Amino acid sequence: MGPCADPTIRRNDLVKKRDLITIADLSDQEIEQIFSLADTFGIRGNAASQRKACSEKIMATLFYEPSTRTRLSFESSMQRLGGSVISCPDMQSSSTAKGESIADTARVVSSYADILVIRHHWDGAVRAMAEHADVPVINAGDGSHEHPTQTLCDLYTLQKEKGKLKGLTVAICGDLKHGRTNHSLVYALARFGVHVIILAARNLELPQYVIERLHADFHYSIAPMAMDDIRAAVQSTDAIYLTPSQPHQLALFTQADPEIQTRLQKLVSGLKFDAFYVTRQQKERGKQEDTRDNGDYPRIGENFLKERRFKDTVIMHPLPRVDEISRVVDMDRRGIYFKQAAYGVPIRMALLKLMFDRLETAKPKTMQQGLPRYESTEPIGSQCSNSNCVTRTESSSTRPTFEVLFNGPGSGLILRCLYCDHQFKVHFIGHATSCRYCSYDTTLEETVRKWLADRELAVFESIKQAEELGYEPYKSGPQRNIMDESEIGKAIDQMVDQVLKDTENFDRLLFIGIRTKGVFIANRMAAQIQRRQGRAVEVAEIEIYGPRGDTLRRLSSSSLEPSPVNVKDRPVILVDDVINTGRTVKSALSVIFKSGRPQSVRLAVLIDRGHREVPVKPNYVGKHLPSSERERVRVKLREVEKGERDKVVIYSLISPGFSHQRSAHNSHLRAED
Ligand code: NCD
């Protein structure tokens, strides 16, 4: 039995209480209530009417990371409400230094206080502590994950300055990968119908799990934009536009179609920027290669102030600032970050008051509701892909649980960690009683839902892991060969012919293969071009929700470290083996767009199955194969399966999961990757 069987954890399963862990824990109506209450407190929060509002209450602040504003404004707020505050001046001087778990600390401190305000350097640590605390817990920042109370201050400031939220356009700049304030803010902006321009520093782009959540929960999609006029203000010249309005779907077709380009350009040319939200580089969180500053980190200075276009654009920052905003902005009416910090007191007073008055217990309806949850039935199995997630750093205080999304890239099964929100793709699934496994694809969705409901689902990172746990592969029905080696060769040649016809500038051409098979097909196409034209073409690979997260990297055998690829203004050919629903391509496009705006993106696939749910149309197709949705199509390449010849096969699985007998037969089915 795994650690999840420990009956002492998840104490709050028994205790009904309301925590604030992510911004999704508050409904729109509650946020508005907080704002109206904050209005009555005045900027310093010293309205006489509330001096006794929390006089019987004690708040504990547990800050495992440095803080000035968040901690002091919480403490000031509680005192202004007549309550008292207990605190550990430095968590390193608490029992943490003696090795106490965060679960025990939370449990103990919740018997000394009526509410806990916690900041921690691990993603998801505040949720883990809330699970063990008997009193409400407020997240004051957990690793790179979220910082919901900062978002309340940010939204309040924006609304006060602009008189509304809906329809505003806000640019978010800087370290969007690690900056937790950005993550909570972007979800909240989407909820209130704000258009968002993303100006990420290089290698510090908004994570794919955030982008996909924005899409799933609020129907926001991204469009890559060339914004030359932004160059006056910030160094980076490409932006992505996050918007709920329809034309963003056009961004999926970037075949340099002039009409579409014009429509996309129109979309941004009329934009009026209401605010720039600037954030510092989170050097304490990034890996070294992420934190190198090549002088292109978005910064706001005199140029920005001079630009007519920004004459009514306010500049916000959660603070502390390092050098992203020049001191000259402090003197300008548009620099409102000190006011934003001051609002921390009335906003946190209003929040505390509402939490003590018991916020209605109903959860807001904004986020994906009712997603099935998965907890491992096996002692080992999938773990969260985020190495800073509390489930990895302190597993004894958590019970790894994942929300299950059936519509991931590559027809994949996606698990989203309940603690840190990171998503990763499951390749292999198993049925626990019959001890059978197979690779996942969309045809198995119903089966997997049933296994989940029956607590029979097991997930594995590899075939090796499944087999080590005593699982055997499912049997497959008869296989039909669809293409043999020479047909695959011909199909690739045909695609290359087309590419040669369409390409004027080979020096800039970039093939991006979708890992794993797309990369090998891209390599073969590039080798053909080299043979036929004597020109080397660069090949890169893209991986979505892989063990290293989402990556777009240059393929280079000499270096083990992934090196970034420049896609800006280049004609890109995205390559995959099979296109089925089109979701993989859509996710791959957003990973590409985040790293720069290519001149065009064309799509080459060896096989088009024609079940597309997303409006992407391949430009180059080796073979159209209108196969039944229940059938599995598998491309075998000699580079992947050593000793095998290239071929494409089609087959069905024999009733997975409903035979509860462990079968002694060996199956012919090998897993797909
Ligand atoms: C932010 C934080 O801690 O995430 N600061 C804050 O709470 N005002 C931003 C930062 O540290 O950069």
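Over 23 Å between Cα atoms, which of Lys164/Lys586; Lys162/Lys306; Lys177/Lys266 qualify?
Pairs exceeding the cut-off: Lys164/Lys586; Lys177/Lys266.
On full extension of the chain, what length is gained from Ser67 through Asp493, given 0.36 nm per residue of separation minus the C-alpha to C-alpha distance?
Full-extension gain reported as 147.4 nm.
Placing unit charges on C-beta atoms (Lys and Arg positive, Asp and Glu negative, everything else neutral), compute the dipole magnitude of region 586-653 about its Cα centre in debye, rounded to 20.
So the magnitude is around 120 debye.
Which FRET efficiency value, to the nearest 0.05, is calculated for His624 and Lys311 with the Förster distance at 56 angstrom and r the Cβ-Cβ distance?
Working from the Cβ atoms, E equals 0.55.
What order do you get for 55-65, 147-157 when each peptide is scored by the mean count of other beta carbon atoms within 10 Å, highest first?
The peptides rank, most packed first, as 147-157, 55-65.
Restricting the count to DSSP beta bridges whose residues both fall in region 100-203, what percent are antiparallel, rounded to a multiple of 5?
Antiparallel bridges make up about 10 percent of those DSSP assigns within region 100-203.
According to a simple spin-label model (label point 7 Å from Cα along Cα-to-Cβ), what is the distance in nm between Gln159 and Ser49?
Rounded to a tenth, the inter-label distance reads 1.7 nm.
Using the Karplus equation 6.51 cos²θ - 1.76 cosθ + 1.60 (θ = phi - 60°), what ³J(HN,Hα) coupling, rounded to whole Hz, does each residue of region 121-128 give in order, writing x for Gly and Pro?
Listing the rounded values in order: 7, 8, 5, x, 5, 5, 4, 4 Hz.
Once phi is turned into ³J(HN,Hα) by the Karplus curve 6.51 cos²θ - 1.76 cosθ + 1.60 with θ = phi - 60°, what whole-Hz value does each residue of region 314-323 show in order, with x for glycine and proline?
7, 10, 10, 7, x, 6, x, 9, 10, 9
Packing-wise, with mean Cβ within 10 Å as the measure, how do 645-653, 345-353, 90-98 rank, highest first?
Packing proxy ranking, top to bottom: 345-353, 645-653, 90-98.
Indicate, rounded to the nearest 5 percent, the antiparallel portion of the DSSP beta bridges found entirely in region 542-628.
Here the antiparallel bridges make up roughly 30 percent for region 542-628.
By how many nm would the segment from Ser87 to Ser36 lengthen if fully extended, with 0.36 nm per residue of separation less the alpha-carbon distance?
Roughly 15.5 nm would be gained on extension.
For His183, His427, His422, give the ranking by accessible area with the largest first, probe 1.4 Å.
His427, His422, His183
The values are calculated or read from the model by the stated rules, or taken from the named source; none is laboratory data. As the structure is a computational prediction, the values presented were derived from the model and not from experiment. With ideal geometry, Cβ positions are generated from the backbone for all residues, glycine too; neighbour counts draw on all protein chains shown. Ligands, DNA and RNA are excluded from the accessible area calculation, which covers all protein heavy atoms including side chains. Shrake-Rupley method; radii C 1.70, N 1.55, O 1.52, S 1.80 Å.
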